[in-house]
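Participant: One structure, pasted below without further comment.
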Amino acid sequence: MPLTRPGPPTPPAAVAGAPEGARRPPVRGEAPPPARAGAAPPDEPVLRALRWEALLGDPDDPANPYGRAALAAAGGVDLPRPDPAWGPLPPGAGARGCDEPAGQLVRVLRPLLRRDTALAHDWVIRPLLTGAPRGTAEPPAAAGHRARLAELLVPAALVAATGDLLRTTARHVAALAPGRPGARQWQPVLAAVFADLLACESLTAVALRALDTADGGGDVLPAATGYVVPRLVGGLLGDLELVLNDSLSGPAATEREALARQSAIRTAARVDRTAVASGRARLIRLLPRLADASEQPGHPAPRELFRLGAPTGPGTGPHGADAYGGGHGGGRGPAAPAPDATALAAVLPAAAGRPDRAGDTPARAALTRFARRLATEQRALRGPSRSAAATASDPAARALADRQALLLLAAAVLGVQETAAEDHGGFLGGCDWALLALERVVRRLGVPLPGDAPDPVDAVWTELAERIRAGVDCDVYGTRLLW
């Protein structure tokens, strides 16, 4: 199955500022990728991410102050500082303000986010939360953008770090002898974790891209993403723990230690149960806006919002800024739905209304049936969401927030999959991961599954195992790793 990746990266030693010899060790059994005539070079975010990964060094080197052993010993408290010789952190953090598209910044920061959640919080997220230096005048719009960016970097860090744990766990499971009793029983669990992580990253990436629109997006997606992603990731960490406890022997296994550390630092990074409850309370207050967004006619979802990896910024949509619903704010009153909520709310009905075609594969037809089931749920939630009590103490309001967040997650999955299918295909443009992710959304909603859906688990596991073999990240971009 083809991988979705940006192509062979420039060797890290050739990246500006990378230390000599910082070359990814070859994957066992893997031949070096041949040079392709006329191949497009990696884009700027990929090269900058490679530089940061090289500067952070080999995570398994016990002498590396930014390695797993040193960070585990720090315990999320006495964390190392970045080397001054590296220069400033990527633009978008600290005193320089948010002067870089958020969708690009998160790709540049991915090596840091993947390395350690506490380190990412200390180096990037906390400086964003503390704001501009004293005496520096900061417009209210810039302060709001900075706060939303910091809020969205938290789920981005959780997804990246959990993806690293998934790679470690899947590498262990893939290396088990095929004849070992129960060796295959963990593969469906890891495939489901992979699909869920791709779904969480899709929602996070769409929310970050919405920040780069002319209006700066809105409050709905940051609130929903900041709530549902940490909540789901907590369950995924439990799934990985189950696999490791069943398949590993010995309490001091490296994989188990890494998992325990990630679970422990969630509190230090402010993504514990208290933070999740706070995000749900914010989403509850926005339920009427979500209900209004799902009733907006004539607003097809802009493909640029779901075109992950493409440049972002005001006016980058197919029809300029207006493609995101409102341009620079003209004609959109303060109580109108934000463009991000309107765009995502349009995805499910649009997919549900797609006519059945004779040439559709069983998986493509199943995706349409899932969209129809979810669009029905979306319509059913309009009335209750509009009249919901704006208090987190109301059980009905909490249940509505849970369901609306899952519907936004499903809409992001469909939007990303359909756009990738139109642009380049590959794994992200295929139906398998989206079908598994939507099946898990429907199960969490507790509504009946559409019938006659093919089982995508084997295909998703095959992709995950191939990424492990080839040294590729578990992200939506299929990023080639150095270490």
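Participant: Quick test of your reading of the structure: Ser393 fulfils all but one of (1) modelled with pLDDT of 95 or more; (2) assigned to a loop (DSSP other than H, G, I, E, B); (3) hydroxyl-bearing (Ser, Thr, Tyr). Name the failing condition by number.
Facilitator: It fails just one condition, (1).
Participant: Based on this model, can you work out whether His145 counts as closer than 23 Å to Arg256 by Cα, part of a helix (DSSP H, G or I) and either modelled with pLDDT under 90 or open to solvent by 30 Å² or more (accessible area, probe 1.4 Å) (or both)?
Facilitator: Here the answer is no, as His145 does not meet what is asked.
Participant: Here's a check for you: in region 157-171, which residue that is open to solvent by 10 Å² or more (accessible area, probe 1.4 Å) and not polar (S, T, N, Q) is farthest from Asp212 (Cα to Cα)?
Facilitator: So, considering only residues that are open to solvent by 10 Å² or more (accessible area, probe 1.4 Å) and not polar (S, T, N, Q), the one farthest from Asp212 (Cα to Cα) is Arg171.
Participant: Among the residues of region 397-410, are any under 16 Å from Leu435 (Cβ atoms), among the small types (Gly, Ala, Ser) and out of contact with any Lys or Arg (no Cβ under 9 Å at 6 or more places or on another chain)?
Facilitator: Yes: one or more hits.
Participant: Moving on to the next point. Quick one: is Asp215 touching a residue at least 40 places away in the same chain (Cβ under 8 Å), open to solvent by less than 40 Å² (accessible area, probe 1.4 Å) and touching a His at 6+ places or on another chain (Cβ under 9 Å)?
Facilitator: yes
Participant: Here is a list: Val416, Val442, Val476, Val460. Which entry is in contact (Cβ under 8 Å) with a residue 24 or more places away in the chain, closer than 25 Å to Leu374 by Cβ and surrounded by fewer than 21 Cβ atoms within 10 Å (Cβ to Cβ)?
Facilitator: Val442
Participant: Give the residues of region 49-73 that are in contact with a helix residue (DSSP H, G or I) (Cβ under 8 Å, 6 or more places away or on another chain) and small (Gly, Ala, Ser), sorted by residue number.
Facilitator: Ala49, Ala54, Ala72
Participant: Might you let me know whether region 355-366 holds any residue that is over 23 Å from Glu201 (Cβ atoms), aliphatic (A, V, I, L, M) and modelled with pLDDT under 95?
Facilitator: Checking region 355-366: at least one residue is over 23 Å from Glu201 (Cβ atoms), aliphatic (A, V, I, L, M) and modelled with pLDDT under 95.
Participant: Moving on to the next point. Does Leu112 fit the bill of being under 23 Å from Arg307 (Cα atoms), at pLDDT 90 or above and either in a helix (DSSP H, G or I) or among the basic types (Lys, Arg) (or both)?
Facilitator: No.
Participant: A further question on this structure: Just the residues that are closer than 30 Å to Gly57 by Cα, over 16 Å from the mean Cα position of the chain (by Cα) and among the hydroxyl-bearing types (Ser, Thr, Tyr), please, taken from region 116-171.
Facilitator: Hits for region 116-171 are Thr130, Thr168, Thr169.
Participant: Still on this structure, please answer the following. Could you please find all residues in region 47-72 being open to solvent by 20 Å² or more (accessible area, probe 1.4 Å), part of a helix (DSSP H, G or I) and in contact (Cβ under 8 Å) with a residue 60 or more places away in the chain?
Facilitator: Selection gives Arg48, Arg68, Ala72.
Participant: Quick check on my filter: what residues within region 129-142 are in contact with an Asp or Glu (Cβ under 9 Å, 6 or more places away or on another chain) and either assigned to a helix (DSSP H, G or I) or at negative phi (or both)?
Facilitator: Of everything in region 129-142, those that are in contact with an Asp or Glu (Cβ under 9 Å, 6 or more places away or on another chain) and either assigned to a helix (DSSP H, G or I) or at negative phi (or both) turn out to be Leu129, Ala132.
Participant: Here's another thing I want to ask about it. Against the condition buried (at least 24 other Cβ atoms within 10 Å of the Cβ) and at pLDDT below 90, how does Gly135 come out, does it pass?
Facilitator: In short, no.
Participant: A further question follows. Please enumerate the residues belonging to region 354-377 that are open to solvent by 60 Å² or more (accessible area, probe 1.4 Å) and among the small types (Gly, Ala, Ser).
Facilitator: Those that are open to solvent by 60 Å² or more (accessible area, probe 1.4 Å) and among the small types (Gly, Ala, Ser): Ala358, Gly359.
Participant: Identify all residues within region 345-364 that are in a helix (DSSP H, G or I) and within 14 Å of Gln417 (Cβ to Cβ); write none if there are none.
Facilitator: Val347, Leu348, Ala350, Ala351, Ala363, Arg364
Participant: Read through the list (1) at pLDDT below 85; (2) crowded, with 24+ Cβ neighbours inside 10 Å, then give the number of the only condition that Leu176 fails.
Facilitator: The number of the failed condition is (2).
The values are calculated or read from the model by the stated rules, or taken from the named source; none is laboratory data. Everything quoted here is computed from the prediction, not taken from an experiment. No Cβ is skipped: glycine too gets one built from the backbone with ideal geometry, and neighbour counts run over all protein chains shown. All accessible areas refer to the heavy atoms of the entire protein, side chains included, with ligands and DNA or RNA removed. Shrake-Rupley method; radii C 1.70, N 1.55, O 1.52, S 1.80 Å.
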